[in-house]
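None of the figures in this text is laboratory data; all of them are computed from the coordinates on show. Remember, predicted model here, so these are calculated numbers, not experimental data. Glycine also receives a Cβ, built like all others from the backbone with ideal geometry; neighbour counts cover every protein chain displayed.
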Amino acid sequence: MPALPPYPPSGTPTEGMVLVAVPLAYIPHVARLLADLDARQRVGPVPRRRADPAPGPAESDWTVEDLRRLSQGRSATHRTVCAVLDALAAEPERLFTVGELAEATGRPRKKIIGAMAGLTRLLKAHYDYAGRGFPFDRVPGRPEAPRELCYTMDRVRAARWREAQQRAPEVAGGAVAQPNP
């Protein structure tokens, strides 16, 4: 017979209790039921809910400055992600499979997959991942490859990425040279 919880529960006053005759065979079941009811009455901590990326328009997510900062990373993950973003920005709205990204970047498929996994950790650590998500979109498959995840970038993000890749304004004589409009 399993060990029964103490009854009445320790720290519980005996006021407001009623003695009920229960067949011996049901004692373990009744004890578990009482323990479950007691546990439900305790107020537990409010679970922390992970914020989902806000599905907002592309205009309000990744700024040119954020993309520039992302592009200046020195790790292998940064270099591979930048090559992927270059490929996506070169053909906005096109759905790329991992194999096509590998071909477009000249990197092995495994390196692309690893960089995407590393990118998630990197964005959570250094950027507002919960508010922005990725600087590209992930789309479930195409008609010819419905089970394969595809990557794409809209025209606005592509233009921002290309702008972020241009050299920063040069410093001339202590003043920042402004580009001509």
Report summary line: Residue by residue through the stretch 146-161, the couplings from Karplus 6.51 cos²θ - 1.76 cosθ + 1.60 with θ = phi - 60°, in Hz, x for Gly and Pro, are x, 8, 9, 6, 10, 10, 8, 9, 6, 5, 5, 5, 4, 5, 5, 4
Report task. Note the full-extension length gain between residue 69 and residue 159 as 0.36 nm times their separation in residues minus their Cα-Cα distance, in nm to one decimal. Result -> 30.8 nm
**Report entry** Phi-based couplings in Hz for the stretch 107-120 (Karplus 6.51, -1.76, 1.60; Gly and Pro marked x)
**Finding:** 10, x, 3, 4, 5, 5, 4, x, 5, 5, 5, x, 4, 4
Requested in this report: First measure r as the distance between the Cβ atoms of residue 35 and residue 121, then evaluate 1/(1 + (r/R0)^6) with R0 = 30 Å and state the FRET efficiency to the nearest 0.05.
Outcome: 0.15
Query - Other-chain or far-sequence residues with amide H under 5 Å of residue 141's (modelled H) - result: 148, 149, 150
**Report entry** Segment residue 110-residue 76, extension gain: residue separation times 0.36 nm, minus the distance between their alpha carbons
**Finding:** 11.0 nm
